[in-house]
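The values are calculated or read from the model by the stated rules, or taken from the named source; none is laboratory data. Values in this document were obtained by computation on a predicted structure and should not be read as measured data. Virtual Cβ from ideal backbone geometry, glycine too; neighbours counted across all protein chains shown. Just the protein is used for accessible areas: all its heavy atoms, side chains included, with ligands, DNA and RNA removed. Shrake-Rupley method; radii C 1.70, N 1.55, O 1.52, S 1.80 Å.
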Amino acid sequence: MSGALGGRTDYTGEGILEQDAPEAPLPLVREWFDQALARHEEHGDVPEPAALWVATVDTDGMPDVRAVLMRFLDPGGPGFLTSTDSAKGLQLAANDKVAATLTWAGMFRAVRFRGRAQELPEELVEDYFRSRPYGSRISAHASTQSAPVADRETLERAYQECAQRWPDRGSPDDVPRPETWGGYRIVPERVEVWAGRRDRLHDRLVWERAAQGGLDDPAAWRRSRIQP
Ligand SMILES: Cc1cc2nc3c(=O)[nH]c(=O)nc-3n(C[C@H](O)[C@H](O)[C@H](O)COP(=O)(O)O)c2cc1C
């Protein structure tokens, strides 16, 4: 095989030097996320800046990965919402080890997290569910995420039945939250930032957990550089 799929782009990002990097990862990850959002709004070349690719393993140790939307990023770690009886939910129930990445290829930047998943408390999940559009709340009832379904028609019929059962009255209380609709926080043990630079001589800084504490707590993290 010769050449590279999609051609060869020299990554000309700004990079990241130790003197500019925080002692704990959160300020930099937040700054990059905010810049990705701004870039998406201004130039449109960073689609879905909140797309968080989450990797889990099944009971055979087989990895699995999918995109979700990062719904928050705070000192406890990033979090997302999903069905707790989906494939990922069942995998996390059996093994809470998780890895995730935010990758903004258009900016030559990526952040990687490795750690454990923690199910979100019900009050928080309830608030998120109520904030969803009516149609999304109905779909959460009509679909058992990751389970087989005969065809599209069956799915749409299930949607219509649920919509009849819980009609749209324009209120967040119209549709109750299915018990299996929940979410997870990723509590990181390790965070890496990657900045693509010229000649593939990229920057990679890693924070490894040294003690209990939030992603913004310098005492909780030991920072180092790894080779590109
Ligand atoms: C950009 C993007 C965002 C997504 N956001 C979510 C999400 O927030 N929650 C979710 O459950 N699935 C989301 N999905 C669908 C998942 O990728 C996946 O199909 C679904 O969660 C089922 O995964 P599983 O079978 O591994 O559990 C998203 C997909 C894409 C492409």
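Here are the numbers:
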{"item": "Checking residue 54 against (1) closer than 21 Å to residue 190 by Cβ; (2) surrounded by fewer than 15 Cβ atoms within 10 Å (Cβ to Cβ); (3) within 14 Å of the ligand (Cβ to nearest atom), the condition it does not meet", "result": "(2)"}
{"item": "Residue tally, condition under 27 Å from residue 13 (Cβ atoms), open to solvent by less than 50 Å² (accessible area, probe 1.4 Å) and part of a strand (DSSP E or B), over segment 179-223", "result": "12"}
{"item": "Within segment 100-136, tally of residues that are in a loop (DSSP other than H, G, I, E, B) and either open to solvent by 40 Å² or more (accessible area, probe 1.4 Å) or of a type in the set (Lys, Arg) (or both)", "result": "5"}
{"item": "Candidate set: segment 78-99, residues that are open to solvent by 20 Å² or more (accessible area, probe 1.4 Å) and within 11 Å of the chain's Cα centre (by Cα); chosen: the one nearest to the ligand (Cβ to nearest atom)", "result": "81"}
{"item": "Filter result for the condition that a residue is open to solvent by 50 Å² or more (accessible area, probe 1.4 Å) and within 16 Å of the chain's Cα centre (by Cα), over 27, 49, 75", "result": "75"}
{"item": "Every residue from segment 31-76 that is closer than 26 Å to residue 217 by Cβ and assigned to a helix (DSSP H, G or I)", "result": "31, 32, 33, 34, 35, 36, 37"}
